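S.K.: Just passing along the structure, written as structure tokens.
Bear in mind that the values in this text are calculations on the coordinates, not laboratory data. Just so we're clear, the structure is a prediction, and the values are computed from it rather than from any experiment. Neighbour counts run over all protein chains shown; Cβ positions are idealised from the backbone, glycine included.
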Amino acid sequence: GGSGGGGEPQLLARLASYFGGLLCVAWARDGAYLLAGGEDDLVSVVSFERRAVVARAQGHSSWVHHVAFEPAPLQEGKDRPPASHAFASVGADGRICFWEFRADGKGEDGGGPPPNGADVPSPGFREVPLLAPLASVPLHERPVAALLYGRGEMHTACAGGFVKTFARVS
């Protein structure tokens, strides 16, 4: 059935991690990409239409616990180009990393998405572009477990029992 009525959900895709378990996932505002992070200390950027890992973000020194796309630009008229996606990640290293991914269209085959339920294989480490963080900032002394990325602020929660709120900077 439908999307809220009962019955079993329909599997659309299954993503394999590069190494270890996946711990978090997030959708882009436009629905074109998703992020997945986990025990491999990486954030994978996945093109949902292509069902393919198109980039990896490397900047954490321990497990990635939460990922989030930037919800909206801080100031009207200062939006990023449509092919650009900003996101953040937090992890067991107590850090927040800020990233930007620019879709360049390379590798688009135009053949449409694979069938529902298709596996999204994990390509080799050097087979996709590697993103470096725009910034990597220590936030907590203990692992950061959660991130809420708001328009004007960010909230983080850590294993030490603290929630911290930070003003976003443009």
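S.K.: Given the C-alpha centroids of the stretch 1-62 and the stretch 117-170, what is the distance between them in whole angstrom?
M.R.: 14 Å
S.K.: In addition: By how many nm would the segment from D30 to A135 lengthen if fully extended, with 0.36 nm per residue of separation less the alpha-carbon distance?
M.R.: On the way: separation 105, 0.36 × 105 = 37.80 nm, distance 2.39 nm.
Additional length available on full extension: 35.4 nm.
S.K.: Please give the contour-minus-distance gain from S84 to S61: 0.36 nm per residue of separation, less the Cα-Cα distance, rounded to one decimal in nm.
M.R.: Gain on stretching S84 to S61: 5.7 nm.
S.K.: Just to be sure I understand the model, the point goes 7 Å from the Cα along the line to the Cβ. What's the resulting E127 to K164 distance in nm?
M.R.: If labels sit at E127 and K164, their model points lie 3.8 nm apart.
S.K.: Under the rule of at least 5 residues apart or a separate chain, name every residue whose amide H is placed under 5 Å from the amide H of A52.
M.R.: Excluding prolines and chain starts, which carry no amide H, the hits are S47.
S.K.: Evaluate E = 1/(1 + (r/R0)^6) for R142 and A118, where r is the Cβ-Cβ distance and R0 equals 35 Å; express this FRET efficiency to the nearest 0.05.
M.R.: So the FRET efficiency works out to roughly 0.35.
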